[in-house]
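**Q** One structure coming up, written as structure tokens, with questions to follow.
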Amino acid sequence: MYKTTKHCGCGAQRSRRWLSVPRLSIKRRLGQLPPPFLRLRSWQLLKPLAKAGLNPTRRAVYSRAPTRLFSRIWGLVNEVSLPHWLRRPLLSLYVWAFSVNMAEAEEEDLNHYRNLGELFRRPLKPTVRPIASHDVVSPCDGRILHSGRSRGSQIEQVKGLTYSLESFLGPQDWREPSNSSLPFLQQLGVRPSSRLYHHVIYLAPGDYHRFHSPTDWSIHHRRHFPGSLLSVSPNIASWMPSLFCENERVVLSGQWQFGFFSLTAVGATNVGSIRIYGDEDLRTNRPRHVKGRFHDFSYTDCHGEGGLALSKGDPLGEFNFGSTIVLIFEGPRHFKFQIKNGSRIHVGEAVGTL
């Protein structure tokens with residue numbers, strides 16, 4: 001996946017001097033704004049409309065924003081080739097604003113990135129993301145929103161908000177149509193002696209945007225839900241129930257050594273596309289979609305009865321801009337998570353083990 005690029009010493013020094021500016025996130029800068037601007041963030045300007053009976057709650061207002069249109073426009077802008085003289089000044093602003101660690105990138109020189117999209121999808125040096133020997137490792141860089149056991153067919157989006165597995169994964173009629181009347185966990189094939197676990201990782205705009213296989217498993221089926229493209233930042237997720245079920249997402253389902261295993265790439269605002277390597281039929285963020293409709297694709301038809309076999313750490317796909325990865329998998333009762341909610345994690349770091 002990676003290749004090593006060598007640079008002359010003087011060019012590397014100039015690149016480092018250009019990037020040696022204080023790292024200060026946009027979120028921290030917004031927190032330093034004067035009180036009138038902070039009132040805008042708390043939606044207090046909408047209160048007069050609420051008293052008039054229009055109920056302009058932040059959820060109602062935000063959910064009606066044309067985020068799909070914004071995302072398609074942003075995707076086009078990202079792919080516009082920048083003139084050579086503008087690349088370093090413009091891209092370095094993004095690097096500074098989102099604290100991008102260019103020292104980890106396979107190509108550190110910003111002049112080599114033709115547009116912002118290439119910077120989002122930058123490959124890393126092969127030595128910066130070693131793969132742990134544990135049973136499940138992180139498929140991406142990001143912040144852990146939640147990890148734990150499912151409660152029946154409900155899993156937690158953030159603390160205090162849950163959503164149903166059936167809404168998130170869709171009906172499992174592709175497995176065995178006659179099983180559609182069974183409880184959902186039985187449709188997934190989860191055994192009574194096992195438990196179902198989930199792990200949710202949020203990718204910020206400055207993170208590495210490629211994702212990898214979290215374990216040794218086989219993908220049997222891909223389901224694409226063309227949905228909304230609302231932000232999946234932790235702040236939005238805390239007041240938007242079933243946010244992950246509303247957004248566009250690509251669900252990869254299959255099996256690992258302990259039974260059911262799935263990885264879902266959830267789209268978000270300004271995510272121009274979700275790409276799965278080798279899956280040329282997948283088209284995301286299209287101009288129109290029908291709410292609740294999804295598109296199925298069988299990996300067993302094109303890769304044989306065993307599906308697409310992946311080893312832990314194999315490259316799997318990529319986002320444009322930030323988004324979320326959700327792992328849902330069956331495991332033994334003594335499976336233990338190695339990480340804490342809210343902590344940072346990187347590709348290849350241990351998620352859990354037996």
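**Q** Can you tell me which residue is modelled with the lowest pLDDT among those in segment 273-299 that are among the charged types (D, E, K, R) and either closer than 21 Å to residue 174 by Cα or outside any loop (DSSP other than H, G, I, E, B) (or both)?
**A** Checking each candidate, the answer is 291.
**Q** Within segment 175-198, can one find any residue that is over 25 Å from residue 334 (Cα atoms) and crowded, with 20+ Cβ neighbours inside 10 Å?
**A** Looking through segment 175-198, none of the residues is over 25 Å from residue 334 (Cα atoms) and crowded, with 20+ Cβ neighbours inside 10 Å.
**Q** Here's a follow-up. Could you run through segment 313-351 and say how many residues are open to solvent by less than 20 Å² (accessible area, probe 1.4 Å) and modelled with pLDDT under 90?
**A** 5
**Q** Just give me the residues in segment 228-272 being modelled with pLDDT under 70 and small (Gly, Ala, Ser), in sequence order.
**A** 231, 233, 237, 238, 242, 272
**Q** Just the residues that are among the small types (Gly, Ala, Ser) and over 19 Å from residue 353 (Cβ atoms), please, taken from segment 110-149.
**A** Correct list: 117, 142.
**Q** Within segment 199-218, which residues are part of a loop (DSSP other than H, G, I, E, B) and crowded, with 17+ Cβ neighbours inside 10 Å?
**A** Listed by number, the residues that qualify are 204, 205, 206, 207, 208, 209, 213, 214, 215.
**Q** Name every residue in segment 87-101 that is in a helix (DSSP H, G or I) and either open to solvent by 50 Å² or more (accessible area, probe 1.4 Å) or hydroxyl-bearing (Ser, Thr, Tyr) (or both), in order of residue number.
**A** 89, 90, 92, 93, 94, 96
**Q** Checking the structure you have, find out if any residue of segment 257-268 is closer than 21 Å to residue 146 by Cα and not in a strand (DSSP E or B).
**A** Yes: segment 257-268 contains one or more residues that are closer than 21 Å to residue 146 by Cα and not in a strand (DSSP E or B).
**Q** Taking residue 310, is it over 22 Å from residue 138 (Cα atoms) and at pLDDT 90 or above?
**A** no
The values are calculated or read from the model by the stated rules, or taken from the named source; none is laboratory data. All values reported here derive from a predicted model rather than from experimental measurement. Every residue, glycine as well, gets a Cβ built from its backbone with ideal geometry; the counts of neighbours run over all protein chains shown. We work out accessible area using only protein heavy atoms, side chains counted, and drop any ligands, DNA or RNA first. Shrake-Rupley method; radii C 1.70, N 1.55, O 1.52, S 1.80 Å.
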